[in-house]
Amino acid sequence: MVEDEVKMAALVRRGLSEDGHSVDVAANGEEGLVMAGSTEYDAIVLDVMLPGIDGFEVCRRLRRERVWAPVLMLTARDAVEDRIAGLDTGADDYLIKPFSFAELLARLRALARRGPVEHPPVLEVGPLRLDPASHRVWRGEREIHLSTKEFTLLEIFMRRPGQVLSRFDLLEHAWDYAYENRSNVIDVYVRYLREKVDRPFRVSSIETVRGAGYRLRIDGGR
Ligand code: CA
């Protein structure tokens, strides 16, 4: 459990212990990250309001560091944006404070049953990272700014690394029917993408497969 309010943390810990669980408490996000990185927890209860980095950022970093334990987020406000933000950062469920202990238990049980999340919210192919929620892309530590269409196209590639995608496949996923017979639009956008995602880094990640289409290298380009 990551929670800075001592009384709250103690209460939840006692309740969970009585139900047969063992609980570690981290008083802030940094501590929580260190603990989650060194121990394989069945579930993480994460408060949004924390000193230093908040719960959203903690969740984002957990997923980036490939910690896939189910995360139940505690949010103080019943704000829709908070819930969406929480789920977008990779949380699996949320609970609004104040909550009933019985509900916390029930949700934790459901999450633990489900096991670690299967789909990382941030796509990674080698050094390429793409966050569908925030519409951001990075190669290594450097952020790359893409237009909406370029982003859509890269996302399609990153969801199918190593697969050959025909111009038709790409058109179908990224463009509406008006472009049906204009497959050269794909060639144009692949060129734009290469200009931003590959060329400045002197690598090649999007390969042309003659007569078939394009393929994103599994290693993200080198
Ligand atoms: Ca708190």
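The values are calculated or read from the model by the stated rules, or taken from the named source; none is laboratory data. Just so it is clear, the structure is predicted and the values come from calculations on it, not from any experiment. In this analysis, Cβ positions are derived from the backbone assuming ideal geometry, glycine residues included, and neighbour counts consider all displayed protein chains. We work out accessible area using only protein heavy atoms, side chains counted, and drop any ligands, DNA or RNA first. Shrake-Rupley method; radii C 1.70, N 1.55, O 1.52, S 1.80 Å.
With all protein chains kept in place, the per residue accessible area of the range 75-159 amounts to 53 square angstrom at a probe of 1.4 angstrom.
Only lysines eight or more places from residue 196 in sequence, or on another chain, were considered; those with a Cα closer than 19 Å are 149. Backbone geometry of the range 154-162 corresponds, through the Karplus equation with coefficients 6.51, -1.76 and 1.60 at θ = phi - 60°, to 3J(HN,Hα) couplings of 5, 4, 4, 4, 6, 7, 9, x, x Hz, x marking Gly and Pro.
Using the Cβ-Cβ distance between residue 160 and residue 64 with R0 set to 30 Å, the FRET efficiency from 1/(1 + (r/R0)^6) comes to roughly 0.90.
Shown in residue order for the range 9-14 are the 3J(HN,Hα) couplings computed by the Karplus curve 6.51 cos²θ - 1.76 cosθ + 1.60 at θ = phi - 60°: 4, 5, 4, 5, 4, 4 Hz (x for Gly and Pro).
Rounded to 0.05, the FRET efficiency of the residue 99 and residue 124 pair, given R0 = 22 Å and the Cβ-Cβ distance, is 0.05. Adding -39500 (n - 2.57) for every DSSP H run of four residues or longer, then dividing by how many residues the chain holds, sets the calculated 222 nm ellipticity at -11500 deg cm²/dmol.
Need one word for the chain: rounded, prolate or oblate. Basis is the Cα gyration tensor (sqrt eigenvalues a ≥ b ≥ c); a/c below 1.5 gives rounded, then a/b vs b/c decides. The shape class here is prolate. Among the GluC sites (Glu not before Pro) found in the range 97-145, those both in a DSSP coil and sparsely packed, with 13 or fewer other Cβ atoms within 10 Å of their Cβ, are 118, 141. Specify whether the C-alpha gyration tensor of the range 6-114 places it in the rounded, prolate or oblate class, a ≥ b ≥ c being the square roots of the eigenvalues: rounded for a/c under 1.5, otherwise prolate if a/b is larger than b/c and oblate if not. Rounded shape, in that the Cα axes give a/c under 1.5. Fully extending the segment from residue 168 to residue 207 would add 12.4 nm, taking 0.36 nm per residue of separation and subtracting the current Cα-Cα distance. Neighbours of residue 36 by Cβ distance under 13 Å: Lys/Arg scored +1, Asp/Glu scored -1, total -1. Bridgeable lysines around residue 97 (alpha carbons under 30 Å apart, same-chain partners fewer than 8 residues away excluded): 7.
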